[in-house]
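Before any comments, here is the structure.
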Amino acid sequence: MKRFALFLAMFAASVLAAGWATGAQEKGKIPGKIVLKVYEKRQVTFDHRGHAQRIGKCETCHHNPDSEKCSDCHGAKRDGKTPSFREAMHYKCKNCHMKTNKKVSGACQECHPNVRSSK
């Protein structure tokens, strides 16, 4: 009887854990396309749902589970050891794209369509 109770407890815990882990990824809870606009002239449209589906692990980008938005911690300027929004995005996003997507060259216009080329 104790084994059965233990089995039921473990089964219930695994079901609850699976529901918790996938709960945030239910359609409707993950935003679709969002506009990152810490800098008005350098806005980036970001396909949040598409990235979540491809990457699967929220922690890959969201290293701080206490905040939803990057700009909660990363402001327009560096704050002590916390990188600015620009530094954080270029380190995390640009570097990941340069490694995983051979179509990305690193040109500013690939993420910032309203930025003019310096040529």
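The values are calculated or read from the model by the stated rules, or taken from the named source; none is laboratory data. It should be emphasised that the depicted structure is a prediction, and the values quoted were computed from it without experimental measurement. Neighbour counts are summed over all protein chains in view; Cβ atoms, including those assigned to glycine, are modelled from backbone coordinates with ideal geometry.
Looking at 84, 67 in this structure, which one is assigned by TED's automatic domain parsing to the domain that holds residue 109, polar (S, T, N, Q), over 26 Å from residue 107 (Cα atoms) and free of Cβ contacts under 8 Å to residues at least 24 places away in the same chain? Steps first, answer last, please.
Numbers: 84 fails: over 26 Å from residue 107 (Cα atoms).
The conditions single out 67.
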| note | If we ask which residues in the stretch 24-58 are modelled with pLDDT under 85, basic (Lys, Arg) and surrounded by 10 or more Cβ atoms within 10 Å (Cβ to Cβ), their number turns out to be 3
